[in-house]
Amino acid sequence: MSTRRLATKKVSLADVAELAGVSTNTVSRVVRGDPEVADATRKRITTLLNEVGYRPNYAARALAAKRTGVLHVLLAAPMFHGHGRVLLSVLNAGSEAGYHVSLSNAYRADGSLGSDVAPFDVDAVVILAGQDPTVELAVDIGKRVPTVLVLTSEKGLDGISTAAIDNVKGARLATQHLLMQGVSDIIHVAGPSGWSDAAMRKQGFLQACDEYGVQGRVIESQSWNSQDGYDVMGSVRRLPEAVQTANDQLALGAMRLIHERGAGVPGDVKVVGFDDIDGADCYSPPLTTIRQPFDRLGRTAVRIARSMIEGGSTEDVTIDPELVIRASSTL
């Protein structure tokens, strides 16, 4: 069956499935934005959908179901690396699923959150979180519209679904990687207080230290920025054997301080970050870090939101991160 011939008639999911050599259900899952479809399969089917001109009639579906066809994204934290990547994923997955995606910002310059920030005429709200006050805002919004709270450590919230990456496991993996090399003097550069990510990563570090019988040290940074990583490491009189930081920017600052003290990475001090930001592989030396599957997280949030719109129950989904080993932590 050729795509040219299909273009002259109304194309069905079955037509696309035949062209792709997959089941109609698989094509339907791609159209719905299901994050569990393999990336290669989703890309191949999406290309075919575009080639044959398949266009679901979302407007008719929304009208019949008395819905708006709008998925709203609410920013409830500063736009750091992870938030930007998840936002892009939600925009892509929402669009692929036929939603108009709207956006508003609840985060204020003083760190507080606005209250009247989510419109009423939307089908669901996805909140990009990270800081403690976001939970109260999510619960309030969830009383009137299906709501998914993303990038949070909270679970079991009344009427609210959550989607998160396992920050405790990520920090534990990073720390175990260092400790299993025989390190006994190790420091964790923690993220700022009030952030669930920072608290969970600190918890994972301490868990790994307890597991190995090591007295790990924790030093607190005031922000997620590399300058704070540099400054807080400057308070350490004697450099440790290893440093595990709450994000990659803090690692960059710590590595600068280590180099300025005349020590080498990883020869004198091993360093592991968290996030795998763009350019982490170009640090000097390339940074060992924890990679977070932000694209999958965003697609999972959209999948949950769609399920809730259809009357599905709330879900708490946690996705595992991955340790990426580079030269900063191994000789």
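Is at least one residue of the range 304-323 of a type in the set (Asp, Glu) and over 26 Å from Leu151 (Cα atoms)? Checking the range 304-323: not a single residue is of a type in the set (Asp, Glu) and over 26 Å from Leu151 (Cα atoms).
Here is a yes/no grid of residues against (1) of a type in the set (D, E, K, R); (2) in contact with a helix residue (DSSP H, G or I) (Cβ under 9 Å, 6 or more places away or on another chain); (3) within 24 Å of Leu179 (Cα to Cα):
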{"residue": "Ser235", "(1), (2), (3)": "no, no, yes"}
{"residue": "Ala254", "(1), (2), (3)": "no, yes, yes"}
{"residue": "Gly273", "(1), (2), (3)": "no, yes, yes"}
{"residue": "Leu287", "(1), (2), (3)": "no, yes, yes"}
{"residue": "Ile290", "(1), (2), (3)": "no, yes, yes"}
{"residue": "Ser313", "(1), (2), (3)": "no, yes, no"}
{"residue": "Thr318", "(1), (2), (3)": "no, yes, no"}
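Within the range 278-331, the residues that satisfy the criterion of being part of a helix (DSSP H, G or I) and farther than 30 Å from Val126 by Cα are Asp281, Cys282. The set of residues in the range 243-277 being assigned to a loop (DSSP other than H, G, I, E, B), free of Cβ contacts under 8 Å to residues at least 40 places away in the same chain and surrounded by fewer than 24 Cβ atoms within 10 Å (Cβ to Cβ) consists of Arg261, Gly262, Ala263, Gly264, Asp268. Evaluation of Gly170 against the conditions (1) buried (at least 23 other Cβ atoms within 10 Å of the Cβ); (2) within 27 Å of Thr300 (Cβ to Cβ); (3) free of Cβ contacts under 8 Å to residues at least 40 places away in the same chain; (4) not hydrophobic (A, V, I, L, M, F, W, C) shows that the sole unmet condition is (3).
Among residues of the range 80-105 that are surrounded by fewer than 17 Cβ atoms within 10 Å (Cβ to Cβ), those with a beta-carbon under 7 Å from a residue that is of a type in the set (Gly, Ala, Ser) at least six positions away or on a different chain give the pairs His100/Gly69; Ser104/Ala118. The helices (runs of 4 or more DSSP H) found entirely in the range 121-225 that carry 1 or more residues being within 30 Å of Asp268 (Cα to Cα) and either basic (Lys, Arg) or out of contact with any Ser or Thr (no Cβ under 7 Å at 6 or more places or on another chain) (or both) are 167-179, 196-212. Of everything listed in (1) farther than 18 Å from Val16 by Cβ; (2) of a type in the set (Phe, Trp, Tyr); (3) modelled with pLDDT under 75, the single unmet condition for Tyr107 is (3). With respect to (1) modelled with pLDDT of 90 or more; (2) under 13 Å from Gly298 (Cα atoms); (3) among the aliphatic types (A, V, I, L, M), the lone exception for Val70 is condition (2).
The values are calculated or read from the model by the stated rules, or taken from the named source; none is laboratory data. Please read these numbers as outputs of a predicted model, since none were measured by experiment. Cβ: placed from backbone, ideal geometry, glycine included. Neighbour counts: every protein chain shown.
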